[in-house]
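Take a look at the structure below.
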């Protein structure tokens, strides 16, 4: 195993993993902070950040071709159609 | 770069890799919409009965949830290393990492089993002897059992996928890097879904 | 062939229907004659000259009919949907009929306590407000002659209204599939002149009104224990509560309409009034739909005795 | 720059072997073949079986409705019958019909590819289809399901005592077959197009397969989750939609219709592709406004996901949401209207030949226009309040699905029959079938528009006597329609055995699929074709296709 192989195969994933653990600590800590405002929004934001980290590095979207990124984005965009228009019913009932 | 075994219609390894990534990500888009529909029931139930919903969420055991999140994040690490090792033809490291991912997956299910047992003992299953009476409580726990149950099924499929990677003979492993990439994408999705579930179930109303 | 127009709303719906029919007929005629004309003129073997269609012409024609169609459909949307919202605006002073749908029959109750099964007697020219709920699955209250249809959902009040304009008996159908006898769950709406209706309603057995039956239930179910005059437990006063803006615990306001009163009885701690604890027990399974109608009728009547002003928290 | 004639010659091999013989002729070789052409045949067998099963249910329904009283069947039998008709026809015939048979067979040929992107996934999708079919058949044999194909809660979860879970499991499984086909086609079109075939040189049938795959992949998962939530509530008692514990039955309707409206575009988009190909070839004209046809299909696929609430105008949805859905439903009607005008425009200055496929295609244009326009009625809220859940809606969606998709499927089947089977069918018998289908269809379903506006509710086993006249007319029409569907079985079956050999390009069409032999060899093309221009190089002057002016040099794809 050469030096740059070690960096590429183990080094990079380890750095991402450290980032993920840090985010986990942040979100866990903030949830148990008594009286913190916007509890749910922060929890969701940090979860989205962790999801983004996993998707771009572990799932290699960073160096994927545009076609693959579009497929990844497609699911989210269509899910937004479902949420936004369904809540146009619930919010105005 | 070792010579990747080519499936039927593909002329070059590069095209095949893009095809497998594209096909896999389309499948992950369907999973996003699948769990998106499931989380819609969470959003609507929480919107309709905020007080009872959040109170019921406090009953969930955050310890089990956090342990499981750490377990799954580690399994994502080992899966990522395994997939990169296959592409670099480091077969012993790859197989060790696949085995580690398998162990972590089983560990996740074991921890989940303990959590389910304690939930059942505390009568948190919506039904005749459901303890919480606030409106929205049974909605939260209906979501809890459905979502974690469906996620556990996806975890079982993931264990099957990793076992399949382990069953490939060591000599052929370097040629199957696109299969390894597909399996890794699926595993990372299962972890990604859990990251969101963790925030929705365990961090609410603390 | 056309269904009879028996409500004030029916002619307006029919005018939109005939306008859309005319427009569709025109489009079908246009497409039909064009296809027929081209088929005859340009069928294989005829000598008519045929050059290539210049690109510039086809692009202008294309953009032309795209814009025309888009504009026409937007006009239809305005004319058919936006301009016609009377169905959603329920008149203030309307005769209130409580409808309870259950698997395979309709129970209809007049304010003065008269109960009817599968038929409803209404006077001509009086707007009628239907407050409907279901005891089991989703049904749908459909009177073709009035052009009104409204799904009836379990666990919630839905409202619809009509004003009959022609005496007669009209079909009532259930139009949301609800099981074995879905097609037998119909009935009739009997529209009478004002005098006939008055004579009919008086001839009905004189039970006491919904509000009076509600007062009896209010005591029997123990509501007076907290909401009554001599209660020590802190509970919001219910005198004249109907229609009032209630401040909610954790901010926000809600108008105390039938739906809020119903939710407060069945799911009490869903929207708790500001300054009070969620201690009220749920009456889910205790109060049936009929009881709820009577309790709410009682709360809406002005006969609720207000408790003496409470001592501080 | 090779003109069309050369590539045709290259593809034809001596000795006329084809995919029917090359991959082995044992049943095992067919059942385990990953050749997209053989999988198309396997699907065709499944599709035909389920079409006639659903059709039998339809004839029984029409027979029952001849008399106002429910005397042929009991109420329960009738309820299970119309549910069977709905579930089988929607998920086991209409959704898969064109994409899995004509699409599987022709898509690789049309874009010059040797095979679909994931051949094994293609075979696996057929087994998923048959597995789902068996589960649904099992639920039928054990006693049937009586919730309607819409599975509305709380009836399907709390009050129905029929085999809801088995039927839901069957549909859940067949949903994955639909997703697998969609993923396969998207990868094939993106990555396996021939040299020189840029996106704007793809035939419209290939564009139809692209847009239908987009909708299949992005809509079906939401159907899967709504069925799974029914499973969770009915089997495990988890009160997701149960109104007694604060759940909302409308939430199920939102999830169900988020799939089921795009599903009707899954059924009609392939028909657009087939009709564009037939009309262009039989009228010997380039398709009028090719780009607008492509943009229209993409617009339908995308906006189709935002209009589902027009199924819920009377369901208790908020008035504001009803207005939003009504507006979006009028917007999504515009691309369909554009397509109808473009088909009519393609006939202008053509050399129109009225072969059987052309009769089916022109029938489609007529019936789809009427179906689409009645869609406008249903998009406007006051009219929808009167006609939803009545026979007006039944007539509307049958005009588009049966009058539209099924006649386009038959048209495509006839148009590409020589290419698929290498045999010619009898043209006069086929024309007779097409004409009798058109009249039988109108005779069956037009009276239902009138019934609908008069207030005849759907799914009724008994009805007031004043509706009987129209029902009798509709039922007699159904007899003619049944005949028109059974008739092709005979002469197409006959052509398989006794039909004369078809040459490679009987219609003188210009698609890539016509440049290889019929039936095509196992690897489609002896040597991958190079595309040099737009797919529709027809011109009215002569019969044979020839270039009007030199097309620019071939570029590298993408």
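Since every read-out is calculated from the coordinates, none of them should be taken as a lab result. Here the structure is a predicted model, which means the values were calculated and not measured. Glycine also receives a Cβ, built like all others from the backbone with ideal geometry; neighbour counts cover every protein chain displayed.
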Please average, across the residues of D:156-164, the number of beta carbons from any other chain that are within 10 Å of each residue's own beta carbon, and give a whole number.
-> 2
Could you give the radius of gyration (one decimal) and Dmax (whole number) of the Cα atoms in the range D:407-543, in Å?
-> 21.4, 67
Please give the residues of the range D:447-473, grouped as numeric ranges, whose backbone N is less than 13 Å from a label point set 7 Å along the Cα-to-Cβ vector of residue D:66.
-> D:471-473
Dividing the Cα convex hull volume of chain B by residue count, how many Å³ per residue is that?
-> 115
What's the Kirkwood radius of chain C in Å, using all Cα pairs?
-> 23.8
From DSSP H assignment alone, runs of 4+ in chain C each adding -39500 (n - 2.57), the sum over residues rounded to the nearest 500 puts [θ] at 222 nm at -10500 deg cm²/dmol
Would you mind putting B:105-111, D:393-399 in packing order, based on average other-beta-carbon counts within 10 Å, highest first?
-> D:393-399, B:105-111
Helix-only [θ] at 222 nm, chain D, -39500 (n - 2.57) per DSSP H run of 4+, per residue, nearest 500, equals -21000 deg cm²/dmol
To the nearest 10 degrees, how steeply does helix C:210-220 sit against the main Cα axis of chain C, on a 0 to 90 scale?
-> 50
Taking R0 as 60 Å and r as the Cβ-Cβ distance between residue C:253 and residue A:2, the FRET efficiency 1/(1 + (r/R0)^6), rounded to the nearest 0.05, comes to 0.30
Calculated FRET value between residue C:90 and residue D:161, using beta carbons and R₀ = 35 Å, to 0.05 = 0.40
Please give the helix D:319-347 orientation as an angle from the longest Cα principal axis of chain D, in degrees from 0 to 90, rounded to the nearest 10.
-> 30
Please give the direction-averaged projected area of the C-alpha convex hull for chain D, in square nanometres with one decimal.
-> 25.0
From the square roots a ≥ b ≥ c of the eigenvalues of the alpha-carbon gyration tensor of the protein assembly as shown, which class results: rounded (a/c under 1.5), prolate (a/b over b/c), or oblate?
-> oblate
Cβ crowding within 10 Å averaged over residues, with D:347-353, C:106-112, C:84-90 ranked highest first = D:347-353, C:106-112, C:84-90
Based on the mean of other Cβ atoms within 10 Å per residue, sort peptides D:134-140, D:322-328 so the most packed one is first.
-> D:322-328, D:134-140
Please work out the FRET efficiency for the pair residue D:508 and residue C:8, using the Cβ-Cβ distance as r and a Förster radius of 60 Å; give the result to the nearest 0.05.
-> 0.40
Partner shielding of D:452-463, as the mean number of partner chain Cβ atoms within 10 Å, equals 6
Quick one: helix B:91-121 against the long Cα principal axis of chain B, what's the angle to the nearest 10°, folded into 0 to 90?
-> 10
In nm, the gap between the two label points placed 7 Å beyond Cα toward Cβ at residue D:424 and residue D:497 is 2.1
Inter-label distance for residue C:198 and residue D:59, nm, one decimal - labels placed 7 Å from Cα along Cα-to-Cβ = 6.2
Work out how much length residue D:472 to residue D:199 would gain on full extension: take 0.36 nm times their residue separation and subtract the Cα-Cα distance, in nm to one decimal.
-> 93.3 nm
Would you calculate the separation in nanometres between label points at residue C:19 and residue C:82, each defined as 7 Å from the Cα along the Cα-to-beta-carbon direction?
-> 1.3
Give me a single rounded figure for C:282-294: the average over its residues of other chain Cβ atoms within 10 Å of their Cβ.
-> 1
In Å, what is the Rg of the alpha-carbon atoms in the range C:95-203, and how long is Dmax?
-> 13.1, 39
Report the percentage of all Cα-Cα pairs in the range D:377-435 whose separation exceeds 15 Å, rounded to a whole percent.
-> 63
